[in-house]
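Below is one structure, written out as structure tokens; comments come after it.
Coordinate-derived values only; no laboratory data. Keep in mind that this is a model prediction, so the values were computed, not measured. Here the Cβ positions follow ideal geometry from the backbone for every residue, glycine too, while neighbour counts run over all protein chains shown.
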Amino acid sequence: ASIGAIIASSAVQAKQLTIGFSQIGAESEWRTANTNDVKEAAKAHNVNLKFSDAQQKQENQIKAIRTFIAQKVDLIGLVPIVATGWDNILREAKRAKIPVLIVDRDLTVSDPSLYVAKIGTDSYAEGQKVYKWIDDYVKANNVKPRNGGDKLNIVILEGTVGASATTGRGNGFNDALKADPDGAKKFNILASQTGDFTRQKGQEVMESFLKSNRNDIDILFAMNDDMALGAVQAIEAAGLKPSKDIIIVSVDGVKGIFQAMIDGKTNATVECNPLQGELFFQTAEKVLKGESVPKSVFVEEGVYTADKAAEVFPSRKY
Ligand code: GYE
């Protein structure tokens, strides 16, 4: 082959991919880790990344996707802030023959061919792990209701309303509670309200829980670490000891919660892995080469407790 042909063919191979990525915003430490990971992986894969931050608004995500379509990107990544309301915009992408990969959160569409594949976390399993951790912990430590009653009172800080991470974690937790034959005898859900996955709102909602039930709350299930960290502030301000007077379990496994566990302020975190960038770009490249990919892939996740936090901390990547 002539030098010219070799150069031409390697130029074809090296054609840089342009990928549009619609992110939710920056509501939590987890989300920041997720965004940083996607940006780093884009560099490693030499992708021209068009990154859009929707500032917690679905309408901004829809606008971003429409812009990506107009720009004729090769592929679109979407983190759906809520599960529904995507059919029309995904139909537009399909008509333009731009493949869409769903990242992190799940969605519900009328026609599954509107996206190629989903890469994310198993929020239902996370909710089940939260229940199991609580149940094991109270048994092992013979935890008694603070108010002398016969059930342990649980309060829940929920995530963004309508987000798959919220419904999945809630359903996983509630189903595990119902599946436990003694569940209803041991536990009472005293209050459950959204804290929008943010530290600020987590603190505010916990304050209001404490205002009405300061001496009744035994356990807090926060659907993410940030809300748990906000709640710690509220609990301390109410003159109670987080992790002792009120047992705290959350979801994510960010560095901030490891520090809180080391400091004795929360008890456990169920891991939700934000490092999805590598898998996202690998999958995108396969899709664009015409290879088949699994319709749904979950990244790996564990459970971490306060007694192991100091040991594990140095190896945490987010
Ligand atoms: O748990 C929370 C974030 O969608 C799994 O969103 C994600 C959740 C995560 O803001 O911290």
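Each residue of region 124-141 was assigned a 3J(HN,Hα) from its phi angle through the Karplus expression (A = 6.51, B = -1.76, C = 1.60, θ = phi - 60°), giving 4, 5, 4, x, 5, 5, 4, 4, 4, 4, 4, 4, 5, 5, 5, 5, 4, 9 Hz with x at Gly and Pro. For region 228-243 versus region 131-171, the inter-centroid distance based on Cα atoms is 16 Å.
Residue by residue, region 35-49 carries 3J(HN,Hα) couplings of 4, 4, 5, 5, 5, 5, 5, 4, 5, 4, 9, 6, 9, 7, 8 Hz when phi is fed to the Karplus relation 6.51 cos²θ - 1.76 cosθ + 1.60 (θ = phi - 60°); x denotes Gly or Pro. Between region 268-289 and region 184-204, the alpha-carbon centres lie 29 Å apart. Placing unit charges on the Cβ atoms of the charged side chains and taking the dipole of the chain about its Cα centre, the candidate lying farthest along the positive direction among TRP133, ILE156, LEU190 is ILE156. 3J(HN,Hα) along region 16-22: 6, 7, 10, 10, x, 10, 9 Hz, from the Karplus curve 6.51 cos²θ - 1.76 cosθ + 1.60 with θ = phi - 60°, whole Hz, x for Gly and Pro. Multiply the residue gap between ARG91 and GLU278 by 0.36 nm, knock off their C-alpha separation, and tell me the result in nm, one decimal place. Answer, rounded to one decimal: 64.7 nm. When all alpha carbon pairs of the chain are counted in 10 Å bins from zero, the resulting P(r) reads 6, 26, 30, 20, 12, 5, 2, 1, 0 %.
Counting only DSSP beta bridges with both residues in the chain, tell me the antiparallel percent, nearest 5.
5
Each peptide among 106-119, 293-306 gets the average number of other Cβ atoms lying within 10 Å of its residues, and from highest to lowest they stand as 106-119, 293-306.
Selection among GLY77, ILE246, LEU90 by position relative to the dipole of the chain gives LEU90 as farthest towards the positive end (Cβ unit charges, Cα centre). Across all directions, the shadow cast by the convex hull of region 41-199 built on its C-alpha atoms averages 12.1 square nanometres. Put simply, the amide H of ASP104, placed in the peptide plane, has neighbours under 5 Å in ILE119, GLY120, THR121, leaving out anything fewer than 5 places away on its chain. Close amide H pairs (under 5 Å, H built 1.01 Å from N) link ILE246 with LYS241, residues at least 5 positions away or on another chain.
Expressed as a whole percent, how much of the Cα-Cα distance distribution for region 209-318 exceeds 24 Å? Could the numbers behind the result be given before it?
Values: 2300 of 5995 pairs.
Looking at region 209-318, the distances longer than 24 Å represent 38 percent of pairs.
Panel note: the C-alpha atoms of region 119-172, placed on their principal axes, show extents of 43, 21, 11 Å (largest first). If r is the Cβ-Cβ distance from ASN141 to VAL161 and R0 is 22 Å, what FRET efficiency results, to the nearest 0.05? E(calc), rounded to 0.05, equals 0.10. Peptide packing: for 162-173, 180-191, the average count of neighbouring Cβ atoms within 10 Å per residue gives the ranking 162-173, 180-191, highest mean first. Hey, with R₀ at 35 Å, roughly what FRET efficiency would TYR318 and SER212 work out to, going by the Cβ-Cβ distance, to 0.05? It comes to 0.50. Near LEU152, the amide H atoms lying under 5 Å from its own belong to PHE187, ASN188; only residues 5 or more places off or on other chains count, and H is placed 1.01 Å from N. Helix 225-237 axis versus longest C-alpha principal axis of the chain: approximately 30°, rounded to the nearest ten.
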